[in-house]
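Rule-based calculations on the coordinates, nothing more; no lab input. Computed from a prediction, not measured in an experiment: that's the story for all the values here. Methodologically, a virtual Cβ is constructed for each residue, glycine included, from the backbone with ideal geometry; neighbour enumeration extends over all protein chains shown.
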Amino acid sequence: MLVDGKWIENWQPVQKADEKGRFVRQVSSFRNWITPDGAPGPTGEGGFKAEPGRYRLYVALICPWASRTLIARKLKGLEDVIPVTVVNPTLTDQGWCFGGYPGADQDPLFGARYMHEIYTRADPHFTGRATVPVLWDTVRNVIVNNESADILRMFDTAFEQLVPSDLRLYPADLAAEIDALNPRLYTLLNNGVYKAGFASSQAAYDEAVDGVFAMLDELEDRLSGDFLFGDRLTETDIRAFVTLIRFDAAYHGLFKTNRRQISDYPRLSAYMARILRLPGVAETVDIDHITHGYYSIKALNPTGIRPTGPAHVERLLAA
């Protein structure tokens, strides 16, 4: 990680743990918002006006948080407005790196070798982990935001004047319901799989895995329509999908969330396939990057051997 802008130790998957061995995730540090006129958003400072080509999105295809933003970019038609750089899926001793793997890009802006170099360009005294996604401003040469939930909402509305869309991922009439479900979905499922995989005590693992399957059971029961809020796709569906598509391929085995697979849930399986068929979504899913990336985590898989399959996910992606 970086301390005062200097890389001081090898990358480790467990960022922090509490006194009971529960995995604690780092809080995002850059929380500015792109807005239609550059006015300040809900957090941070102003000065980030929506303009074509001004911003670049750094992502890892292994990462569910980054994939949230990629899906929103596709669904909102922002491909020509916001270019993307994909990092190498391998988690190296210095974190995310550029190039060196099929589908991974070199850094086009600065020729950086590691993602942490992008962070120190934005803040020479940055302390913390260099995570993705990162939304970079090429005009001010700074990170706008590295919180996927914020970027998801920015992409929903900030560029509407440039690329009009009938799709609203955070509609006003569902806002209260979305805001009620999102935190529970994050705590129990999105981050819950990590809390299970990176638990450092049996009690912490048991608590986390119970939460994971409680939420999967709840989602299975909830799905009476096409999506979580009836017939309309929302940001909550994107948040759920990025974990579901990785579950059988990575979390079920590597993170020990192996009571059931998503393939054991009929409604969730159909729901995952339904979202995958939406225009552009399948292009954001790279099962090779996902399995290569997760199984490169030395603390969990020291031999580096990764499994083949799962065949049903590969068939789904091929279809």
Across the chain, how many lysine pairs separated by 8 or more positions, or lying on different chains, have Cα atoms within less than 27 Å? 13
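Size of the dipole of segment 126-214 about the Cα centre, Lys and Arg at +1 and Asp and Glu at -1 on the beta carbon, nothing else charged, in debye to 20? Present the calculation step by step, with values, prior to reporting the outcome.
Working: 6 positive and 12 negative charges, 71 e Å.
Charge dipole of segment 126-214: 340 debye, to the nearest 20.
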Name the residue farthest towards the positive end of the dipole of the chain from the options 154, 188, 72, assuming +1 on Cβ of Lys and Arg, -1 on Cβ of Asp and Glu, about the Cα centre. 188
At the level of C-alpha centres, the distance separating segment 137-161 and segment 293-319, in angstrom, is 31
Amide H contacts of residue 144 (H built 1.01 Å from N, under 5 Å, at least 5 apart or other chain): 135, 136, 137
Assuming R0 = 30 Å, can you tell me the calculated FRET efficiency for the pair residue 6 and residue 106, based on Cβ-Cβ distance, to the nearest 0.05? 0.80
FRET efficiency for residue 92 and residue 256 from the Cβ-Cβ distance with R0 = 25 Å, rounded to 0.05, comes out at 0.55
For segment 86-152, state which trypsin sites (Lys or Arg not before Pro) are in a DSSP loop and have at most 15 other beta carbons lying within 10 Å of their beta carbon. 113, 140
Under a Gaussian network model of the chain whose springs join Cα atoms within less than 10 Å, the largest fluctuation of 206, 173, 18 belongs to 173
Which residues qualify? For residue 95, with a placed amide H closer than 5 Å and at least 5 residues away or on another chain, they are 11
Karplus (6.51, -1.76, 1.60) ³J(HN,Hα), θ = phi - 60°, over segment 141-152, in Hz, Gly and Pro reported as x: 6, 8, 6, 6, 7, 10, 10, 4, 4, 5, 5, 4
Please compute the modelled spin-label separation between residue 226 and residue 37, points set 7 Å along Cα→Cβ, answer in nm with one decimal. 3.5
